[in-house]
Amino acid sequence: MNLKIIWILLKKEATQVYNDHSILLALLAAPLLYFALMGSTYFNKDEEKVSVGIVDLDQSQSSKAFLNKINATQKIKIIQACNNLAEAKHGFNSFDVQALVHIPKGFEKKLKAHESTPIALILNNSKFLSSNDVNKAVNLVAMEYAEKSRETFFESKGINPSLAVKKAQPITAQINAVYNPTNNYGNFLLPALLILILHQTLLIGFSESVALDREKNQVALRFKESEYNFLNYILGKTGFYILLYSAYMLLTFLVAYPIFDLPINGSLFSLIIVSILFFIAAIFYGWFVSSFFKSQARAMEIMAFTSYPVFLITGITWSFKEMPWVLQFISNLIPLKPYFEFLKKQTIMGVDNYLYRTEIIQLLILLLIGYVAALLRFKYLQKRELKSKLTQVI
Amino acid sequence: MTWAFYHIFKRELLRLSKQKSARNLFLIIPVVVFFILGSIYYKGAIRDLSIAVYDNDNSTLSRTYIRYLEASPNLKITYYMSSKDDIENVFVKNEVQGIFYIPKDFHKDVLKNVPVQIKIYTNSTNIVFGNLLYKSASQVTQLLSAAVVVKNIAPLGINPNKILGTVMPIDINTKVLGNPEYNYVYYLLPGLATVLIQMILFFTASRAFNNEWKLNTYTNLYAMANGNIWSMILGKYLAYMVFGLSLCGFLLAIVFPVFGIPIYGNIGSLFVLLLLFLTVNIALGFGISLLLKDEIIALDVAIFYNSPAFVFSGFTFPIWAMPWFNSLYAQVIPYTHFLTGFLKIYQLNTPFKFILPEIQKLFIFLAIAVFIIILGLIVNRKHIFLPPKLSTL
């Protein structure tokens, strides 16, 4: 390993990035713009005031009181009052309302007669988040009525009011959403999304550069400049990216996290060290894959399409155990998988060191696999270059 | 001369099928990515979420509660905690998503009319698990609580017909439309697949003309079109449309049936919407291709514009909850409007008139695309309108 050679190659790589608008855009503009644009999308963290329509056929004081209670919840906003279901269906079909509450005639009468009073809640479940929120809010209001009704019954039997309250709800569930107290969407998705932005822009920019070397037939030249030493070559080629993305990583944890109010409950030092390891592993993998591309445009196109599958296969939005074993196996070969697990445990959960040891070991193994794959590919390409040179000479 | 566009159409079909890049985008990527995405969510719904229970009472009632938990289709007790366990570590060590803590004297307190709280801790780093746990935990606890209330009410003298009305006066009958099974494949795969179709078509179209300049094949194209730029555009458009419709056909006729995804709506309406959506993306891609001579820069613009389309579409996080700038940005992506129309037809089976607002918006995008095409024709006129001598080559 020769530091001087590495430095020369690193400077050459930086010059290549500077001179190529596309790589420059992917590495310098895209991460910052996506951070601002996509990060701020979840700035409010959660939704409020989901639009709901109502059909109140009872038009009684009780039905109005019930609807007022629903409207007073944080998640619901009644925006449409219709006279019948056909009229309400129009708003539903136009997506003006996400749900409909239908109160039948005789609601108040039944309520006062202590009879079970059915209310229809029609949900548009094409988007889960809003549908779940409305369902939860309406059911909570119905539960309030249940408690009140039970209390009234007990009081009517001569039980004193304070005891009636206790008897009305003998067992309650105190549900604590640990690590994400408001169970909000922003805290769930944003940390992973920020890392995905870095991962994908790195892969796109870096693969463009590697493919460009092949497109311009500069691979042989780079090998020669590295004196056919893999460490010289790989550190020279990737050093710039490692430095740049280490800086981005600091920006993420020290600036973006506080701006988006994301927690870091574990040690910042281990977070930084493991993040650097992750980026190095991703770069080795990236070099190996990109070395098969002969065109910059093709590298960009393919890499751009890896974002969704790579993100979703890590199990960030779904249960990893519920995936087919083949996908679990593939996922475990991608550095993003153990890193996301580590990130969750280190930032949001802040668990003890020994509880993320497995992820670090997995990441180190993947780093080694990436290194070996890149080394073998380097040897192969080098051999091929030398062979073609020999053929030319002959 | 009249049929010049037909020759261009054939030429473009041939050109695209020979291009490695187009083969990757139209064939390999959709097959691989659609099936990966479908397989991730192939089980549809999460069942048997692993939970831990700490029964500090060990009474008849606490055991009844545990039986209720076991009976819930969404929960599976995989670990019974002891006093030595640290709650926070149990989540990671025992890989559970929720912890149910039944306090000491649970049964006694219920008998003494002392309200009891069962403490439930959910691992809400994943809100899919968090929401499911919340729902199941509330249901199970309310069920047991209601059973206790009924037991307390009965001896006080009540008309049996009024018990239900007293314990649960308002009965919420929930009717779920559009994916009533809460199936994640039905929910996510169509959305993700259509956004990928948009990206594929946009990317390839953004290289439709500048790639010809790069490969020095434009003169041939110009000659074949007899110098008529509109024949060129129409011929190329039809070729891209064939590829775009093939992708949609693959999605609807192969991927959907493989993963058992139903289409509730009218296929004719869906076809009209898809046709317009594909047209808009091809036209926007053409506009960029004519405007930006460097195909790499054109591709950059296409990637930058299209990549966040899914996040901004409001599919997983509603547009109304986004800050104003982001909701504004969401409106300038055609996918946002297509998705609304698509969901209306495909999941809610709404009549065609309800997607007219989305159709109108997509037409506005088409008008913008035509404007960009004209702008490209003006800006790069020297490269587009070749001298007559060259056009006959």
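The values are calculated or read from the model by the stated rules, or taken from the named source; none is laboratory data. Please read all numbers here as calculations on a predicted model, not as lab measurements. Cβ atoms come from the backbone with ideal geometry, glycine included; neighbour counts cover every protein chain shown. Quick note on the areas: whole protein, heavy atoms, side chains included, nothing else; ligands and nucleic acids left out. Shrake-Rupley method; radii C 1.70, N 1.55, O 1.52, S 1.80 Å.
For A:Lys337, the lysines whose Cα falls under 20 Å of its own Cα, not counting residues fewer than eight places away in the same chain, are A:Lys321, A:Lys345, B:Lys93. Remark: for residue pairs A:Lys49/A:Lys109; A:Lys69/A:Lys112; A:Lys216/A:Lys383; A:Lys110/B:Lys162, the C-alpha separation exceeds 21 Å in A:Lys49/A:Lys109.
For region B:127-215, chymotrypsin sites (Phe, Trp or Tyr not before Pro) are listed when DSSP marks them as loop and at most 10 other Cβ atoms sit within 10 Å of their Cβ; the list is empty.
For region A:302-315, putting each phi into the Karplus relation 6.51 cos²θ - 1.76 cosθ + 1.60 with θ = phi - 60° gives couplings of 5, 4, 5, 8, 7, 3, 5, x, 5, 5, 6, 5, 6, x Hz, in residue order, rounded to whole numbers and with x for Gly and Pro. Counting Cβ atoms of other protein chains within 10 Å of each Cβ in A:159-170 and taking the mean gives 4. In a simple Cβ point-charge model (Lys, Arg +1; Asp, Glu -1; nothing else charged), the protein assembly as shown has a dipole of about 1420 debye relative to its Cα centre. A simple charge model with +1 on the Cβ of Lys and Arg, -1 on the Cβ of Asp and Glu and nothing else charged puts the dipole of region B:49-167 at about 380 debye relative to its Cα centre. Largest to smallest in accessible area, the residues A:Ser207, A:Ser388 fall in the order A:Ser388, A:Ser207 (1.4 Å probe, all protein chains included).
Close amide H partners of B:Val176, meaning residues 5 or more places away or on another chain with modelled amide H under 5 Å apart, are A:Leu123.
A probe of 1.4 angstrom, applied to the heavy atoms of all protein chains, finds A:Glu322 with accessible area near 30 square angstrom. Solvent-accessible surface of protein heavy atoms, probed at 1.4 angstrom with all chains present, puts B:Phe371, A:Phe240 in the order B:Phe371, A:Phe240, largest first. Accessible surface of B:Arg15, taken over heavy atoms with a 1.4 Å probe and every protein chain present, rounds to 40 Å². Of the residues B:Met232, B:Met224, ranked by 1.4 Å probe accessible area with the largest first, the sequence reads B:Met224, B:Met232.
A simple charge model with +1 on the Cβ of Lys and Arg, -1 on the Cβ of Asp and Glu and nothing else charged puts the dipole of region A:50-134 at about 140 debye relative to its Cα centre. Shielding by partners for B:313-326, please: the mean number of other protein chain Cβ atoms within 10 Å of each residue's Cβ. For this peptide, the per-residue mean of nearby foreign Cβ atoms is 6. Would you please classify the overall shape of chain A from the alpha carbon gyration tensor, given that a ≥ b ≥ c denote the square roots of the eigenvalues, rounded means a/c under 1.5, and beyond that prolate means a/b larger than b/c while oblate covers the rest? Because a/c hits 1.5 or more and a/b exceeds b/c, chain A counts as prolate.
With a 1.4 Å probe and every protein chain left in place, work out the accessible area per residue of chain A in Å², rounded to a whole number.
Details: 16390 Å² over 394 residues.
Normalised by residue count, the accessible surface of chain A is 42 Å².
Size descriptors for region A:90-235, from the alpha-carbon set: Rg then Dmax equal 31.0, 96 Å. Per-residue Karplus couplings for region B:190-207, computed as 6.51 cos²θ - 1.76 cosθ + 1.60 with θ equal to phi - 60°, are listed in order as x, x, 5, 5, 6, 5, 5, 4, 4, 4, 4, 5, 5, 4, 5, 5, 6, 10 Hz, Gly and Pro entered as x.
Straight-line cross-link partners of A:Lys11 among the lysines, defined as a Cα under 17 Å from its Cα and at least 8 positions apart when in the same chain: A:Lys224, A:Lys237. Charged neighbours of A:Met300, selected by a Cβ distance under 9 Å, balance to -2 (K, R count +1; D, E count -1).
Note on region B:241-393: lysine pairs with Cα distance below 23 Å, sequence gap of 8 or more or different chains, count 5.
I want the local charge near A:Asn132. Using Cβ-Cβ distances under 13 Å, sum +1 for each Lys or Arg and -1 for each Asp or Glu among the other residues. Net charge around A:Asn132: +1. Along its three principal directions, the equivalent ellipsoid of the protein assembly as shown from the Cα gyration tensor extends over semi-axes of 55, 35, 19 Å, largest first. The modelled label-to-label distance for the pair A:Leu254/A:Ala29, using points 7 Å beyond Cα in the direction of Cβ, is 2.7 nm. To the nearest 10, the accessible area of B:Thr60 is 90 Å² with a 1.4 Å probe. Here the sum of -39500 (n - 2.57) over DSSP H runs of 4 or more residues, divided by the residues of the protein assembly as shown, equals -19500 deg cm²/dmol at 222 nm, to the nearest 500.
Partner shielding of B:147-160 amounts to 3, given as the average count of beta-carbon atoms from other chains within 10 Å of each residue beta-carbon. When the Cα positions of A:Thr347, A:Ile259, A:Gln382 are compared along the charge dipole of the protein assembly as shown, A:Gln382 comes out farthest toward the positive end, with charges on each C-beta of Lys, Arg, Asp and Glu. For region A:284-315, a drop of 40 Å² or more in accessible area on going from the chain alone to the assembled protein chains (1.4 Å probe) is found at A:Ala297, A:Arg298, A:Met300, A:Glu301, A:Ile302, A:Ala304, A:Phe305, A:Tyr308, A:Pro309, A:Leu312. Summarising the amide proton neighbourhood of A:Lys49: residues at separation of 5 or more, or on other chains, whose placed amide H is nearer than 5 Å comprise A:Lys75, A:Ile76. Backbone phi angles across region B:289-298, fed through the Karplus curve with coefficients 6.51, -1.76 and 1.60 (θ = phi - 60°), yield HN-Hα couplings of 5, 7, 7, 9, 5, 7, 5, 5, 5, 4 Hz in residue order; Gly and Pro are listed as x.
Set against the 2.2 N^0.38 Å expectation for a compact globular protein, chain B has a Cα radius of gyration ratio of 1.39. Take the alpha carbon atoms of region B:59-132, find their center, do the same for region B:144-206, and report the distance between the two centers in whole angstrom. Distance between centres, Cα-based: 22 Å.
Model label sites at B:Leu164 and B:Val370, defined 7 Å from Cα along the beta-carbon direction, differ in position by 6.1 nm.
Ignoring lysines fewer than eight residues from B:Lys112 along the same chain, the ones with Cα atoms less than 20 angstrom from its Cα are A:Lys157, A:Lys166, A:Lys167, B:Lys104, B:Lys151.
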